[in-house]
Amino acid sequence: MGDEAKPEPKVKLGWIDYVRMLFKGRAAVETVMREGKLVAAEAHKAGIKTLGFWASALAAVGAVAAQVGGLIPPPYGAIVLAAAPLLYGISRGLKKRDDDLGGVKPALATSDAWANILAALGQVALASQGAVAPETATVLMSVNAAAIAAADSLAKSGAQPPKE
C-alpha cells in the first residue's frame, strides 16, 4: 500500500504570480505566432510566385515563338499555348481545393485565370497573324475559358466559409 501516489500539494498563486506568468509566457506565444504566420504564408503563396506558373508561361511563350519562327507547324504552337495554362489552372485548383481558404478569391483575382486569359489573347494574336486558323483559335480560346471555370470550381469545392 506504500505504492499509492500521494496527491501533489496545491500551490496558491497570488495575482502578482499570474501577472508574472503572463509576461513570461508572452515571448513563447509571440514565437509560436510568428512561426505560424511563416507557415501560413508559405501555404498561401501567390500563384505567380510558383514554379508551375513560370513553367506554364515559358512553355506557352516558347510554343508561340516556335510556331511563329517556323520550327513547328501550325496548329501545334496554339495547342500548347492553350494546354499549358489549362494544366496550370487545373493543378492550382486541385491545390486550393485542399486548402480551407483556397477558393475564397474571385476567379479573376487568381493567377490561373490570368494565365488562361493571356493564352486566349495569344490565340487571337496567332489568328490575326495567320499563324493559325481562326476556327482553331476560337476552339482553343474556349478551352481556356473552360479552364478558368474548372480551376475556380475545383478551388471552391474545398473552400470553407470564414469562421466568425
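A Förster distance of 35 Å, applied to the separation of the beta-carbon atoms of residue 98 and residue 76, puts the FRET efficiency at 0.55. Between residue 58 and residue 26, the contour length at 0.36 nm per residue exceeds the alpha carbon distance by 6.8 nm. Remark: spin-label model distance residue 46-residue 12 equals 5.9 nm, labels positioned 7 Å along the Cα→Cβ axis. As a proxy for reagent exposure, ranking 23, 53 by other Cβ atoms within 10 Å from fewest up yields 23, 53.
None of the figures in this text is laboratory data; all of them are computed from the coordinates on show. Only a predicted model underlies this, so the values are computations on that prediction, with no experimental measurement involved. Positions of Cβ are backbone-derived with ideal geometry, glycine not excepted, and every protein chain shown enters the neighbour counts.
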